[in-house]
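The values are calculated or read from the model by the stated rules, or taken from the named source; none is laboratory data. All values reported here derive from a predicted model rather than from experimental measurement. Note that we place each Cβ from the backbone using ideal geometry, even for glycine, and neighbour counts take in every protein chain shown.
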Amino acid sequence: MDIQLLKEAVVEMQEEKALSLTKQYIEEGADPVSLFQVYQDALVEIGKRYEQEIYFIPELMMAGEIMNAASELIKPLLAEGPEEAKNKKGKVLIATVQGDIHDIGKNIVTMMMDLNGFEVKDIGVDVSKDRIIAEAEAFGADIIGLSGLLTLAFDPMKEVVEELKVQGLRDKYKVLIGGGQMDENICSYTGADAFTTDAIAGINMCKAWMERVS
Ligand code: B12
């Protein structure tokens, strides 16, 4: 797999080329997680171009479309994945927080968690703290996964944690925040238990938490 060639095609918005390379690499036996990683890296580059005003909203939208089309190609490979899928490990309620509509990363994580043996309920984007908590309660979640890519998502994440405290539910859930901007500082600002910028790392954290309780 020529990572650079694929990344360039995505960054340059050459959808047909990107998808045909993806198909070719799949046929050649490329690892699905590495393929997702190339797309994620390309989207970071597209984000930078947006910041530099080389790209604008239409390009962000186009990037989203290319990523979704690629996900459809890559997903079936993941479905051939681990045996452990049958043995549900724990329940994860996942949402993109209020004010944020980015969902590509969340959808990837949801899919990967499911394939890794978690029971996942994805309640969508732009979800209020009250709904997140109500849904977690109704679902009997062990973990609440919050996605957010905007700086504006930090406060809604914090509010979910605060509201859990107000309702006396903070100790009932592990809260994991995810998205490209997440780091140690944001994690402590929001009061979440952990953060990740990577789906696989996030899944490993969830596995470790569930092993500790079982
Ligand atoms: C595509 C895109 C869009 C698309 C989104 C389409 C969609 N359906 O999601 C559209 C065009 C709608 C969009 C809109 C906007 N966007 Co936008 N967008 C992007 C872009 C280019 C890629 C995002 C993406 O999908 N990345 C790929 C995925 C796979 O990566 P990921 O989300 O990080 O997810 C991975 C991990 O973080 C992790 N993960 C994610 N969530 C979770 C959750 C859990 C629980 C776990 C465990 C793990 C996890 O797992 C994933 C796989 O490893 C980014 C740039 C960037 N690099 O992030 C800008 C970016 C996020 N957007 C940005 C902006 C500014 C906007 C707009 C405000 C633009 C505008 N003026 O309207 C709007 C916001 C609308 C809103 N209210 O949310 C800025 C945010 C800047 C900031 N500091 O706040 C960015 C960073 C671009 C930039 N560099 O300026 N955007």
Open item on the list: Condition (residue is in the same structural domain as Gly90 (by TED's automatic domain parsing), outside any loop (DSSP other than H, G, I, E, B) and under 24 Å from Leu35 (Cα atoms)) applied to region 147-168: is it met by at least one residue?
Closed with: yes
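Does Asp122 fit the bill of being within 26 Å of Arg170 (Cα to Cα), among the charged types (D, E, K, R) and crowded, with 17+ Cβ neighbours inside 10 Å?
On the way: within 26 Å of Arg170 (Cα to Cα): yes; among the charged types (D, E, K, R): yes; crowded, with 17+ Cβ neighbours inside 10 Å: yes.
Yes; evaluated as a whole, the condition is true for this residue.
Inspect region 50-71 for any residue being of a type in the set (D, E, K, R) and either assigned by TED's automatic domain parsing to the domain that holds Gly145 or within 19 Å of Ala199 (Cα to Cα) (or both) and give the result as yes or no. Steps first, please.
Applying the first criterion (of a type in the set (D, E, K, R)) to region 50-71 yields 51, 53, 59, 65.
Still in the running and either assigned by TED's automatic domain parsing to the domain that holds Gly145 or within 19 Å of Ala199 (Cα to Cα) (or both): none.
Scanning region 50-71, I find no residue that is of a type in the set (D, E, K, R) and either assigned by TED's automatic domain parsing to the domain that holds Gly145 or within 19 Å of Ala199 (Cα to Cα) (or both), so the answer is no.
Mind telling me which of the residues Glu16, Glu45, Glu8 ends up being in contact with a helix residue (DSSP H, G or I) (Cβ under 6 Å, 6 or more places away or on another chain), at pLDDT 95 or above and on the phi < 0 side of the Ramachandran plot? I'd like the intermediate steps shown before the answer.
Details: Glu16 fails: in contact with a helix residue (DSSP H, G or I) (Cβ under 6 Å, 6 or more places away or on another chain); Glu8 fails: in contact with a helix residue (DSSP H, G or I) (Cβ under 6 Å, 6 or more places away or on another chain).
The conditions single out Glu45.
For region 92-110, indicate whether the set of residues that are outside any helix (DSSP H, G or I), modelled with pLDDT of 95 or more and not assigned by TED's automatic domain parsing to the domain that holds Thr197 is non-empty.
Of region 92-110, the ones outside any helix (DSSP H, G or I) are 92-103.
Among the residues that remain, those that are also modelled with pLDDT of 95 or more are: 92-102.
Among the residues that remain, those that are also not assigned by TED's automatic domain parsing to the domain that holds Thr197 are: none.
Looking for residues that are outside any helix (DSSP H, G or I), modelled with pLDDT of 95 or more and not assigned by TED's automatic domain parsing to the domain that holds Thr197, one finds none in region 92-110, hence no.
Here's the yes/no breakdown for (1) more than 9 Å from the ligand (Cβ to nearest atom); (2) in contact (Cβ under 8 Å) with a residue 60 or more places away in the chain; (3) of a type in the set (Lys, Arg); (4) buried (at least 22 other Cβ atoms within 10 Å of the Cβ):
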{"residue": "Val160", "(1), (2), (3), (4)": "yes, yes, no, yes"}
{"residue": "Asp171", "(1), (2), (3), (4)": "yes, no, no, no"}
{"residue": "Gly178", "(1), (2), (3), (4)": "no, yes, no, yes"}
{"residue": "Met182", "(1), (2), (3), (4)": "no, no, no, yes"}
{"residue": "Ser188", "(1), (2), (3), (4)": "yes, no, no, no"}
{"residue": "Gly191", "(1), (2), (3), (4)": "yes, no, no, no"}
{"residue": "Thr197", "(1), (2), (3), (4)": "no, no, no, no"}
{"residue": "Ile200", "(1), (2), (3), (4)": "no, yes, no, no"}
Task: For Asp114: the one exception among (1) in contact (Cβ under 8 Å) with a residue 24 or more places away in the chain; (2) surrounded by fewer than 16 Cβ atoms within 10 Å (Cβ to Cβ); (3) assigned to a helix (DSSP H, G or I) - done: (2)
Open item on the list: Here is a list: Gly117, Gly148. Which entry is among the small types (Gly, Ala, Ser) and near the ligand (Cβ under 9 Å from one of its atoms)?
Closed with: Gly148
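Working carefully through the options Thr151, Thr190, Thr197, find the one that is over 17 Å from the mean Cα position of the chain (by Cα) and closer than 26 Å to Lys48 by Cβ.
Working: Thr151 fails: over 17 Å from the mean Cα position of the chain (by Cα); Thr197 fails: over 17 Å from the mean Cα position of the chain (by Cα).
The conditions single out Thr190.
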